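Written out below as structure tokens is the structure these notes cover.
The values are calculated or read from the model by the stated rules, or taken from the named source; none is laboratory data. It should be emphasised that the depicted structure is a prediction, and the values quoted were computed from it without experimental measurement. A quick note on method: Cβ atoms are made from the backbone with ideal geometry, for glycine too, and the neighbour counts reach across all protein chains shown.
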């Protein structure tokens with residue numbers, strides 16, 4: 001039975017007169033049965049409108065029942081589930097799962113719809129506290145999507161977002177960070193609600209800092225999402241990230257002193273300041289020290305390491321062994337001479353500072369090479385053909 005969309009749209013006009021232009025487009029597309037245009041306008045309306053807080057939950061259900069639900073068989077099913085996800089987001093987990101369950105049969109109509117529906121269901125299972133059930137569903141779904149061909153970016157985005165929500169709930173920071181980076185790879189920043197960007201950037205940054213096995217900060221520092229931190233209460237975290245990204249203890253100590261109150265007010269970071277943050281900073285400082293040495297001169301004295309990494313002389317060997325176990329560096333420890341011979345440093349994404357340093361090294365190498373060439377040409381003319 002056809003449902004008249006007019007009452008639902010008029011209700012929206014009363015609630016949101018500032019969105020009149022978009023509502024006019026919805027009404028025009030609906031009346032003309034231009035369902036592709038209607039879908040795009042509806043997604044824009046739901047993502048840019050004030051529908052992302054719990055206070056909008058009841059309103060969204062009314063809009064869904066009065067306007068969106070009748071579109072089920074008329075618009076692309078993947079888009080329909082995408083819209084369903086927006087409607088379910090501010091709902092209580094139990095209510096969201098109740099709505100999602102209504103479309104289980106619809107989800108089975110094609111592969112991509114089923115993938116998106118399952119990822120959405122797993123998200124709200126996690127939020128409801130059923131992490132075991134969500135993990136079982138996501139393990140199967142992740143493997144299936146990894147083995148599939150041409151899976152849409154929308155589905156990849158929802159999958160990695162849901163995995164991130166699960167790992168965060170379980171306190172698995174390393175997994176949360178890696179899933180979040182994958183989520184950002186498939187998700188344009190403009191598709192993330194503006195009011196959520198800074199907090200998301202902060203949560204991902206905290207996870208990168210806390211995760212004991214995470215030493216790569218270059219990829220995170222290059223994420224467009226981090227620009228959302230500027231001017232917010234979370235902006236201070238960037239100073240810590242940059243210290244870790246550059247492996248510089250002076251930046252680390254400065255950030256700790258400057259943002260002590262903020263750090264103390266962040267329980268997850270405060271709890272690991274001495275057990276994770278500082279030891280990780282020591283390892284990154286060691287990497288940076290080795291990286292900046294000429295390739296054939298990576299002989300690091302124990303005293304040099306102790307001073308650069310802010311540790312005692314007796315802690316040097318342990319730090320180096322930990323760095324080797326974490327595959328940050330490779331080399332040999334000479335206890336007799338008190339030196340470390342480094343022959344490999346873990347590759348990483350370079351920031352502008354490191355790129356400038358490498359350019360300087362290449363320029364210096366070019367200058368030395370040219371001088372050697374000129375010397376040879378001057379001193380052994382009989383061996384060279386003009």
(request) Out of 150, 136, 123, report the one residue that is modelled with pLDDT of 95 or more and surrounded by fewer than 19 Cβ atoms within 10 Å (Cβ to Cβ). (result) 136
(message) For region 306-321, give me each residue that is in contact (Cβ under 8 Å) with a residue 12 or more places away in the chain and buried (at least 16 other Cβ atoms within 10 Å of the Cβ).
(response) 308, 309, 311, 316, 319, 320
(request) Give region 20-55 a look and list any residue that's at pLDDT below 90, surrounded by 15 or more Cβ atoms within 10 Å (Cβ to Cβ) and assigned to a helix (DSSP H, G or I), or say none. (result) 47
(request) Taking the residues in region 337-348 that are surrounded by 15 or more Cβ atoms within 10 Å (Cβ to Cβ) and more than 30 Å from the chain's Cα centre (by Cα) as candidates, determine which candidate is farthest from residue 285 (Cα to Cα). (result) 338
(request) Please work out if residue 85 is in contact (Cβ under 8 Å) with a residue 60 or more places away in the chain and surrounded by 18 or more Cβ atoms within 10 Å (Cβ to Cβ). (result) yes
(message) over 25 Å from residue 208 (Cα atoms) and modelled with pLDDT of 95 or more: is that true of residue 103 in this structure?
(response) yes
(message) Taking the criterion of being in contact (Cβ under 8 Å) with a residue 60 or more places away in the chain, surrounded by 13 or more Cβ atoms within 10 Å (Cβ to Cβ), within 22 Å of residue 217 (Cα to Cα) and not assigned by TED's automatic domain parsing to the domain that holds residue 219, would at least one residue in region 324-336 satisfy it?
(response) yes
(request) Answer yes or no: is there a residue in region 198-205 that is surrounded by fewer than 18 Cβ atoms within 10 Å (Cβ to Cβ) and more than 24 Å from residue 155 (Cα to Cα). (result) no
(request) State all residues of region 250-271 that are surrounded by 19 or more Cβ atoms within 10 Å (Cβ to Cβ) and either touching a residue at least 60 places away in the same chain (Cβ under 8 Å) or touching a strand residue (DSSP E or B) at 6+ places or on another chain (Cβ under 6 Å) (or both); if no residue qualifies, say none. (result) 269
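Please work out which residue is farthest from residue 328 (Cα to Cα), limiting yourself to region 215-232 and to residues that are part of a loop (DSSP other than H, G, I, E, B), more than 13 Å from the chain's Cα centre (by Cα) and touching a residue at least 12 places away in the same chain (Cβ under 8 Å).
Filtering region 215-232 for residues part of a loop (DSSP other than H, G, I, E, B) gives 215-217, 222-223, 230-232.
Keeping just the survivors that are more than 13 Å from the chain's Cα centre (by Cα) gives 215, 230-232.
Going one step further and asking which of them are touching a residue at least 12 places away in the same chain (Cβ under 8 Å), we end up with 215, 232.
Details: 215: 8, 232: 34 Å.
My answer is 232.
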(request) Can you tell me which residue among 172, 111 is at pLDDT 95 or above and outside the structural domain of residue 206 (by TED's automatic domain parsing)? (result) 111
